[in-house]
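The values are calculated or read from the model by the stated rules, or taken from the named source; none is laboratory data. Computed from a predicted model, the values in this text were never measured in an experiment. Counting neighbours? That spans all protein chains shown, and the Cβs are built from the backbone with ideal geometry, glycine included. Surface accessibility is based on the protein's heavy atoms, side chains included, excluding ligands, DNA and RNA. Shrake-Rupley method; radii C 1.70, N 1.55, O 1.52, S 1.80 Å.
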Amino acid sequence: MKMTFRWYGEKDSISLEYIKQIPNMSGVVTAIYDTPVGEVWELDKIKKLKALCDQAGLEMEVIESVPVHEDIKLGKSTRDKLIANYAQTIRNLGKFGVKCICYNFMPVFDWLRTDLKKKAKDGSNSLSYCHKTLLKLDPKNLRLPGWDESYSLEELNSLLEEYAHITHEKLFENLVYFLKRIMPACDETGINMAIHPDDPPWDMFGFPRIITGKDSYNRMINAVPNLHNGFTFCTGSLGAGRDNDLKEMAKAYANRIYFAHIRQLKYDNETDFTEAGHLTSTGDLDIFGIVKALVQGGFTGYVRPDHGRNIWDEDGKPGYGLYDRALGACYLNGLFEAVEKLN
Ligand code: DNO
């Protein structure tokens, strides 16, 4: 595996130098944030980003995310042009050594939480989700930090109406349509596409969510067998779905998991959860068992610690402060080292 760390570009308050100081950091997972969703990422911008990483001694082999325009998800007539742009972005990224692209296919909203700073007894705080609170939120006014949005607030309203007519079937067909048309660019460049699961993995505000567990994985592989069509295995997202057996999935799909986001959850009840430190003993996911299953399945992809808590008085970007993610990386380094040596 290759350990990586998410970096939000030059605007990130965490420097590349700090990231490099975390033991075993091979590179960063980053993106270009100032190109509107749907447009081609220009070579010059990619070159500049890569140069910053090179200078810091960090690789830039993973991009998270190249966002997918809502018209592609909706299957609108404009999609062919937008898909051609996406394929061109893949080709451009390939020229700079990118090997893996993380993306998602969630209608309108990316990850959803109802509290960005839930306080724990030990004084730390973290992200949490309460279903009842979510149902009271008005989707028309919803925005969370770190989303890649392709719409303005005005467009959001009409998008919400358009999605009212999109079924699970239709959304899945649109995903397959998109993937089939970008696979040639992946074949040319060797880039693996790694879809991020829906977070949390159930329908939101009446909109379909289709990447929720084992069945979705099977369906995707059957529809687009090309090996460049793979997964970002996000334990926190999939783990919120109480029916998902993460160890079974990790082992079964290890050869298609190109990127692993590993983090811990503490279940508050049937639907609700609070994000915890990465350690197995601090939550309900068997992080050790998941790492073991990945290694035994032959996983050779990229790993990153996922959302961290705010600890030591840090007031970081929700989920993306330095300290707890660095602790998470160290814990995961230890688990991988032990499991790989004993395997
Ligand atoms: C949240 C992240 C997601 C993820 C996208 C991938 O912290 O895991 O925002 O980057 O869904 O496209």
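Just one of the listed residues (Phe231, Phe299) is within 14 Å of the ligand (Cβ to nearest atom), crowded, with 18+ Cβ neighbours inside 10 Å and of a type in the set (A, V, I, L, M, F, W, C), and it is Phe231. Of the helices (runs of 4 or more DSSP H) contained entirely in the range 1-111, those carrying at least 1 residues that are in contact (Cβ under 8 Å) with a residue 12 or more places away in the chain, of a type outside the set (Phe, Trp, Tyr) and within 16 Å of the ligand (Cβ to nearest atom) fall at 70-74, 79-94.
Residues checked against (1) in contact with a strand residue (DSSP E or B) (Cβ under 9 Å, 6 or more places away or on another chain); (2) open to solvent by 60 Å² or more (accessible area, probe 1.4 Å):
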site: Lys170; (1), (2): no, yes
site: Asn174; (1), (2): no, no
site: Cys186; (1), (2): yes, no
site: Asp203; (1), (2): no, yes
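For the range 272-295, the set of residues classified as among the polar types (S, T, N, Q) and either part of a loop (DSSP other than H, G, I, E, B) or touching a Lys or Arg at 6+ places or on another chain (Cβ under 6 Å) (or both) consists of Thr274 only.
Among the conditions (1) within 16 Å of the ligand (Cβ to nearest atom); (2) at pLDDT 95 or above, the only one that Pro145 does not satisfy is (2).
Does Pro197 meet the test of being loosely packed, with under 14 Cβ neighbours inside 10 Å, farther than 20 Å from Lys81 by Cα, within 16 Å of the ligand (Cβ to nearest atom) and of a type outside the set (S, T, N, Q)? When the stated conditions are applied, Pro197 does not pass them. Checking Lys140, Lys121, Lys117 one by one, the residue that is open to solvent by 70 Å² or more (accessible area, probe 1.4 Å), assigned to a helix (DSSP H, G or I) and over 30 Å from Ile191 (Cα atoms) is Lys140 and no other. Sub-6 Å Cβ pairs linking a first residue in the range 257-276 that is closer than 23 Å to Phe336 by Cβ and within 16 Å of the ligand (Cβ to nearest atom) to a second residue that is outside any strand (DSSP E or B) and open to solvent by 30 Å² or more (accessible area, probe 1.4 Å), at least 6 apart or interchain, are Gln264/Thr282; Leu265/Asp284; Ala276/Thr282, ordered by first then second residue.
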